[in-house]
Amino acid sequence: MNENTIKPQLLWDLYQISTRNAHELLIARGFRFLKRLENLMLYQSPGEAFTLTEESGVVTTVQYKISDEKAYYTCLKYAEEALHFQTIFENHEPPAYIMRLDDEKCSVVGMMIGGEGDYQSLAITLLAKLPPHNAERKVEVILQPPPGSPMLM
């Protein structure tokens, strides 16, 4: 884990604040602003990246991509234990592990996708509360780096 690895609370600190404040917060934490594409703002530091989605100047979705499995689990554990998010859905079908946690206002979706060799893609997304889980409802997951950004590591 690099020295700039975030504390889990940063995901929630970035959610529902002004894009200007989010930008300042990430720059202060050592992230580099990559670019803005329509309503997406892309930030990166070694082994970590944020994609923020904004609407009317407010961050509505926080996506955190990391290469450190320990940091990934720390964020999900923080949501469960410190913020009292409840597990709504968990799926352990190789090569993917997907977990959804909810509180009254928002959802956290964690995805760990195994690749060739030891490569894993780890992402945590914080967004407005999703509709109730339904096994009949299929969700398409497209795994790729954010538009316009180099692949993480």
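The values are calculated or read from the model by the stated rules, or taken from the named source; none is laboratory data. Model, not experiment: these values are computed from the prediction. No Cβ is skipped: glycine too gets one built from the backbone with ideal geometry, and neighbour counts run over all protein chains shown. Side chains are part of the model used for accessible areas, which takes the heavy atoms of the whole protein and leaves out ligands, DNA and RNA. Shrake-Rupley method; radii C 1.70, N 1.55, O 1.52, S 1.80 Å.
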Just the accessible area for residue 92, please: 1.4 Å probe, Å², rounded to the nearest 10? 120 Å²
Keeping all protein chains in place and using 1.4 angstrom, which order do 13, 102, 68 fall into by accessible surface area, from largest down? 13, 68, 102
If you count only protein heavy atoms and use a 1.4 Å probe, how large is the accessible surface of residue 70, to the nearest 10 Å²? 140 Å²
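In cubic angstrom, how much convex hull volume per residue do the alpha carbon atoms of the range 27-102 span?
138 Å³
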Which value, in Å² rounded to 10, gives the accessible area of residue 87 with a 1.4 Å probe and all protein chains present? 60 Å²
Counted charge near residue 125, where neighbours are those whose Cβ lies closer than 13 Å (Asp, Glu -1; Lys, Arg +1): +2
Residue 70-residue 27 FRET efficiency (beta carbon distance; Förster radius 22 Å; 0.05 resolution): 0.30
What order do 62, 109 take when sorted by accessible area (1.4 Å probe), most exposed first? 109, 62
Which distance in nm do the two modelled labels at residue 20 and residue 55 give, with both placed 7 Å along the Cα-to-Cβ direction? 2.2 nm
Cβ-based net charge around residue 33, under 15 Å, with every Lys or Arg adding one and every Asp or Glu removing one: +2
Cβ-Cβ cut-off under 12 Å around residue 43, Lys and Arg +1, Asp and Glu -1: the net charge is +3
Can you pull the one-decimal nm distance between simple spin-label points at residue 81 and residue 133, each 7 Å off the Cα toward Cβ? 2.1 nm
